[in-house]
Amino acid sequence: MDIRAWNERYRSRERPAEDLDAAPTPLLIEIAQKLPPGKALDLACGAGRNALWLAANGWSVTAVDGASSAIRILRDRASERHFKIDAHVADLETGEYEIAAAAWDLVVICYYLQRDLFAPAKRGVAPGGILLAIVHITEPGEEPTSHRLRPGELRQYFQRWEVLYNHEGSPGDAAHKRLVAEIVARQPASR
């Protein structure tokens, strides 16, 4: 991930307004509405569309992104709405944010792929908690890249977890057009 490029995109408002003002991820809404609000961690949160929705719905939210300009937008929006969101600028690829073990009722990683982030994110989920991940996958004939998994690959990261939802194909999110893999998995109640 090129943090400088993302910073510039957010700073210059190069990202279309509908991108910055996009509704939260539909799958997140569907899942979070079924859970009692607790502690949520939104990794690679961007300008905070999911973090803001969670905060509005009673969750105690921590949001992390490497782009300082995105975090600035999130903080401004949270302040306007009188939401308390613990927002951090941290490069996830270099481990600048340490995910506390068994601390989160819900961990969200939407449209961001960092293969070595799955293990610490899973460790961060409290027993009985949920991890929701959405990543882009390769189109037919494409090879996997650092930004796209092979079909079927995301599920492999959640062996021994209770998979509540697993989908591959078109996203249910108007903000994205590429094929996705989506998973919602529950940390076993006893480790």
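The values are calculated or read from the model by the stated rules, or taken from the named source; none is laboratory data. No experiment lies behind these values; they were computed from the predicted model shown. As a convention, Cβ positions derive from the backbone with ideal geometry for all residues, glycine included, and neighbour counts pool all protein chains shown. Surface areas here come from the heavy atoms of the whole protein model, side chains and all, with no ligands, DNA or RNA. Shrake-Rupley method; radii C 1.70, N 1.55, O 1.52, S 1.80 Å.
Each row is one residue, and each column tells you yes or no for (1) out of contact with any helix residue (DSSP H, G or I) (no Cβ under 7 Å at 6 or more places or on another chain); (2) among the aromatic types (Phe, Trp, Tyr); (3) more than 24 Å from Val180 (Cβ to Cβ).
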{"residue": "Ala51", "(1), (2), (3)": "no, no, no"}
{"residue": "Ala56", "(1), (2), (3)": "yes, no, yes"}
{"residue": "Ala67", "(1), (2), (3)": "no, no, no"}
{"residue": "Phe83", "(1), (2), (3)": "no, yes, yes"}
{"residue": "Tyr112", "(1), (2), (3)": "yes, yes, no"}
{"residue": "Asp116", "(1), (2), (3)": "yes, no, no"}
{"residue": "Gly128", "(1), (2), (3)": "yes, no, yes"}
{"residue": "Leu132", "(1), (2), (3)": "no, no, no"}
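Taking the range 117-141 on its own, how many of its residues are open to solvent by 20 Å² or more (accessible area, probe 1.4 Å) and either out of contact with any His (no Cβ under 7 Å at 6 or more places or on another chain) or part of a helix (DSSP H, G or I) (or both)? Before you say what the answer is, go through the steps one by one.
First, the residues of the range 117-141 that are open to solvent by 20 Å² or more (accessible area, probe 1.4 Å): 119-120, 122-123, 127-128, 136, 139-141.
Pick out the ones that are also either out of contact with any His (no Cβ under 7 Å at 6 or more places or on another chain) or part of a helix (DSSP H, G or I) (or both) and you get 119-120, 122-123, 127-128, 139-141.
The total comes to 9.
Take the range 80-95 and flag every residue that is more than 19 Å from Ile29 (Cα to Cα) and either open to solvent by less than 30 Å² (accessible area, probe 1.4 Å) or touching a Gly at 6+ places or on another chain (Cβ under 8 Å) (or both).
Listed by number, the residues that qualify are Ala87, Val89, Ala90, Asp91, Leu92, Glu93.
Cβ-Cβ below 8 Å, separation at least six or inter-chain, first residue in the range 120-147 and free of Cβ contacts under 8 Å to residues at least 60 places away in the same chain, second of a type in the set (Val, Ile, Thr) and not in a strand (DSSP E or B): which pairs?
Qualifying pairs under 8 Å: Pro120/Ile99; Arg123/Ile99; Pro144/Thr138; Thr145/Thr138.
Restricting attention to the range 31-50, does a residue exist that is more than 13 Å from the chain's Cα centre (by Cα) and polar (S, T, N, Q)?
Looking through the range 31-50, at least one residue is more than 13 Å from the chain's Cα centre (by Cα) and polar (S, T, N, Q).
Enumerate the strands (runs of 3 or more DSSP E) found wholly within the range 35-116, keeping only those where 2 or more residues are free of Cβ contacts under 8 Å to residues at least 40 places away in the same chain.
60-65, 85-89
Can you tell me how many residues in the range 142-161 are part of a loop (DSSP other than H, G, I, E, B) and surrounded by fewer than 17 Cβ atoms within 10 Å (Cβ to Cβ)? Steps first, please.
So in the range 142-161, the residues part of a loop (DSSP other than H, G, I, E, B) come out as 142-144, 146-147, 150-152, 157-161.
Narrowing further to those that are surrounded by fewer than 17 Cβ atoms within 10 Å (Cβ to Cβ): 142-144, 146-147, 150-152, 159-160.
So the answer is 10.
Could you please find all residues in the range 60-79 being surrounded by fewer than 22 Cβ atoms within 10 Å (Cβ to Cβ) and more than 14 Å from the chain's Cα centre (by Cα)?
Selection gives Ser60, Ser68, Ser69, Arg72, Ile73, Arg75, Asp76, Arg77, Ala78, Ser79.
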